[in-house]
Every structure is written in C-alpha cells, then in structure tokens.
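The structure appears right after this line, and notes come after that.
Readers should treat all values here as calculations from the given coordinates under stated rules, not as data from a laboratory. This structure is a prediction, so every number in the text was calculated from the model and none was measured. Cβ placement follows ideal geometry from the backbone for every residue including glycine, while neighbour counts extend to all protein chains displayed.
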Amino acid sequence: MGGPFDDLTETVFADKTVLTESYQPETILERDEEIEAYSHALQDVLFGRTPENIFVYGKAGLGKTAVTKYMLEELREEVPTRESADNLHTHTANCNGRTLFMVVRNLVNRLLPDHASPFPERGLGTGDAFDELYRQFDRIGGTHLVVFDEIDHLEDANTLLYELPRARANGHITDAKVGVIGISNDYTFRQTLSPKVKDTLMETEISFSPYDAAELRTILDHRADHAFVDGVCDTSAIAKAAALAAQDMGNARQALDLLRVGAELAEQNGETPVTDAHIETARERVQRGRVTNKIRDQTEHAQYILEAIANLQTSGEVPARSKEIQRTYEQVADSHAASPLSTLKSIQDHLSDLHMLGFLRRHEQNKGLSGGQYYEYELDLDPALVLETRTEIAKHTE
Ligand SMILES: Nc1ncnc2c1ncn2[C@@H]1O[C@H](COP(=O)(O)OP(=O)(O)OP(=O)(O)O)[C@@H](O)[C@H]1O
Ligand SMILES: [Mg+2]
C-alpha cells in the first residue's frame, strides 16, 4: 500500500530557490551601465583614498540591492590584489522598520570584538552609539563601506547622513576611512534631506531605470535554466512573464514572482509544461499579494480609513467627501476598540497620503462661490480585497 507522499515527485522545479527573493544571483544581467558607474564610484577604495559617498535610487525590484551586493563582493575580491588599497570592511544595514538608534547600535555590535558585551539597548542614546561606532572604526582601521538599504524608511536619515560622511573631517575618527552608500526606491526622499546632506551624499548618484521586456526576458531565461526541470517551461510562458512585468513597472522581482507562482500553479494542478495561461492566472495572485502587503505597511489609522472607504464603496456611496469618510472611519475605529483621530484635518492628511500612494482616486469638485472647492475620494483597488485583508489583519492583532 502506498503512503500519502508516494505520488509526489519533482516534476517542475529542479531548484526552486533560484526563483525566490532570498537568492543572490551570481551574475547580474542587463545592468552594465550601472555596474560601470558603480565601479567608478568605488575606485577610490582600490587606491587607498577615502571612498565617495554614493546614493543609489530607482523604483522597486530594479536590482539596486542585488547589484550593490555584487559590487561589494567583487570589490572585496579585488582589494587584496591592489597594493595601495587598505583593508576593506563592508557592512549592510536595512533601515526598514528600524530607528536610527537601532541601526547604529546594530552596526556597533557587529564591529565589537568577540569578547565585548553588546551595546546596551537602554540607558544610552544615539549620540553614544555614534561615539562607539567611531571608536570601533578606528580600532579596526582600514576602509569601511556602510550600506544603508531602504534608507527612505529611516525617520532620522538626515542625522545619519550628516554625521557619518563627516566623521573624519570632524575629528571623530582618525585612522579609518568611511564611505556611505544609501539606497532608496523613493526619489522624493531626496527632498526630505537637508541641503548639506544632499551635497555630501549626492557626490555620486546611480540611478536604476525600469527593465524593458527584453531585459526581463534575459534575466528570467537565465534563472529558468537553473530553476526548472528541462523542457518543463514553455519559452512563451517566460516571455509572457517578462512582458507583463515590463508593462507594469519593469520590476524584476515581479517578473520572477510571476514565473514562480505560475510554475507552482502548474505543479499543483499536475499540468506540465508551464504555459502562458499559468502566468496569466499567477498575475492575479501576485497582484493580490502585493496589494495585501501594501495595506499591511500602512499605519493603523490609515488602514481604518481604507476600511471605511471600502465600506462606503460597497454600499455605493462613493466618491465621498472627507467629512463622510470621517463619519464611517469613526465607526470603523470604534468597532476595533480604537479611539479615532479627532480632527478632520488629520483625516484629510491621511487621505492625501493614501492618494499619493496609489490607494485612492481623487476627484476635484468645484462648486463655485456657493459650494467651494473640495475633493471626493474612492478606492483605486477592489474594495473586497481591502476588506478581506483587514479582516485577516484584525484576526491576528485583536
Ligand atoms: N539585473 C539583474 N540580474 C539578475 N537578477 C536581478 C537583476 N535585477 C534584479 N534581479 C533580481 O530581482 C529581484 C529584485 O531585485 P532587488 O532586490 O535588487 O531590487 P531593488 O531594486 O533592491 O528593489 P527594492 O527597492 O524593492 O528593494 C531580486 O531577486 C534580484 O535578484
Ligand atoms: Mg532592495
């Protein structure tokens, strides 16, 4: 008699990890210009000079993190072959969901000698953490490149980006050389930086532009070679995933997601090869996943506002003015046992943020002298999806 797993054999994936987010590609394709710009920006390290500060920007999924990792690896290999280069130390901090203090403390802890006790979580401030960081840089010596990925998420980016690049000029470090690499997918982030910070960090800017369908296809073809059992994926399915992602934002992560999810669908249904139709179906799933994540990233009250508009939309009461939205929002907050934000202004600020982030569509109403001018809002996505996601989140938090 057979067991429940007897029928399961690997029919689609030869190595599925190749299609997942955590996989770091050995070769970077279609980014020659960016790699060249990056090489120039990093060349000072090879000649024992203080590194330039670099700002890398471009929309989501364009290879900023992958190319940066690749460049640092290549640089670490190159440095020992160069006589004039100092020892190189590279550090990467992801700023998403962290405070400046956490980011700096984390760096310090990675630099401290093995036997030292970690930098305390409480009792000392960010200034103390910076002091310790400088001490560690000098103790270790050499050149330090520090990458701050997703730096737009950091509330106090100005302080960080003001402090670090000037540490040597200001006499905080004497032996070590430090270069900062900031990565952001939010170009408006630049506008939030002080002019002084812009001057230093923007020494070298490297911008990543969206991939076109042919470029995405090259990237996918290469991965598919390693990911799939031979002949199990139609070349037209790969072309389809590339074309869909190119039409959207030219995002390589999305293209890879489409291919992986499409292949999963084929596997689940016992249908090989993977075809265009699987990719089409995957598209909806991937899109849903993305919207859900985006909603999850919003603050509690922004989510209540989305939930309120979804309710209004379901009962056909959109587009709605901020006052009406506020009324429904108060009921929603109430139902989650939260005290609602009290001013109309705070609701309007949230509405304008949510509009900017692409959640809402906004209509300007101009009623002349009598009625004045105001905005009306509705969701720019499926209200059912918002409500489902909210139910899901509430289940886990309340
Ligand atoms: N040129 C490329 N060659 C091979 N793989 C790539 C390339 N560009 C992107 N990828 C892959 O696409 C996915 C997304 O890339 P990456 O994480 O570097 O994007 P990002 O620009 O850092 O996006 P975000 O702003 O969202 O952090 C990763 O799995 C990465 O390995
Ligand atoms: Mg990234």
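Remarks
- Loop sites in the range 1-84: trypsin sites (Lys or Arg not before Pro), DSSP, at most 14 other Cβ within 10 Å: Arg82
- Here Arg327 and Gln268 are evaluated by their C-beta separation; at R0 = 51 Å the FRET efficiency comes out at 0.70.
- In the chain, taking the dipole from charged Cβ atoms about the Cα centre, the farthest positive-side position among Gly2, Ala394, Leu62 is held by Ala394.
- Alpha-carbon centroid distance for the pair the range 347-398 / the range 201-226, whole angstrom: 33 Å
- Nearest-0.05 FRET efficiency for Phe5 and Tyr187, computed from C-beta distance (R0 51 Å): 0.55
- Largest GNM mean-square fluctuation among Ala167, Ala241, Ala384, using the chain with Cα springs under 10 Å: Ala384.
- Selected from Asn106, Gly141, Tyr187, residue furthest toward positive end of dipole (the range 91-190; charges at beta carbon): Gly141
- Here's the picture: charge each Lys and Arg Cβ at +1 and each Asp and Glu Cβ at -1 in the chain, and of Gly289, Thr27, Ala338 the one pushed furthest to the positive end of that dipole is Ala338.
- Local net charge near Asn170, Cβ-Cβ under 13 Å (Lys/Arg +1, Asp/Glu -1): +1
- Exposure proxy ranking, count of Cβ atoms within 10 Å, fewest first, for Cys233, Cys95: Cys95, Cys233
- Charge sum, other residues only, whose C-beta stays under 14 Å from Thr126's C-beta, Lys/Arg counted +1 and Asp/Glu -1: -4
- Working note: Karplus 6.51/-1.76/1.60 with θ = phi - 60° gives the range 62-69 the couplings 9, x, 4, 5, 4, 5, 4, 4 Hz, where Gly and Pro are set to x.
- Percentage relative contact order, the range 161-253, counting C-alpha pairs under 8 Å, at least six apart: 28 percent
- Centroid-to-centroid separation of the range 265-316 and the range 67-118 [C-alpha atoms, Å]: 37 Å
- Evaluated with a Cβ-only charge set (Lys, Arg +1; Asp, Glu -1), the range 207-315 carries a dipole of roughly 320 debye about its Cα centre, given to the nearest 20.
- For a label point 7 Å along the Cα-to-beta-carbon line of Glu21, residues of the range 235-251 with backbone N under 11 Å: none
- Among His89, His363, His40, residue whose mean-square fluctuation peaks in a GNM of the chain (springs only between Cα atoms under 10 Å): His363
- Dimensionless Rg over Rh [the chain; C-alpha; Kirkwood]: 1.03
- For the chain, size of Cβ-based charge dipole, Lys and Arg +1, Asp and Glu -1, in debye: 1340 debye
- Within a Gaussian network of the chain (alpha carbon springs, distance under 10 Å), most fluctuating of Met249, Met356, Met71: Met356
- Net charge of the neighbourhood of Arg98, taken over other residues with C-beta under 12 Å away and scored Lys/Arg +1, Asp/Glu -1, is -3.
- Applying a threshold of 29 Å to the alpha-carbon distances of Lys64/Lys345; Lys64/Lys196; Lys16/Lys59 flags Lys64/Lys345 as lying beyond it.
- Simple point charges give the picture: +1 on the Cβ of Lys and Arg, -1 on the Cβ of Asp and Glu, and for the range 298-397 a dipole about the Cα centre of about 280 debye.
- Paramagnetic reach from Ser346 (point 7 Å along Cα→Cβ, amide N under 18 Å) across the range 298-314: 298-309
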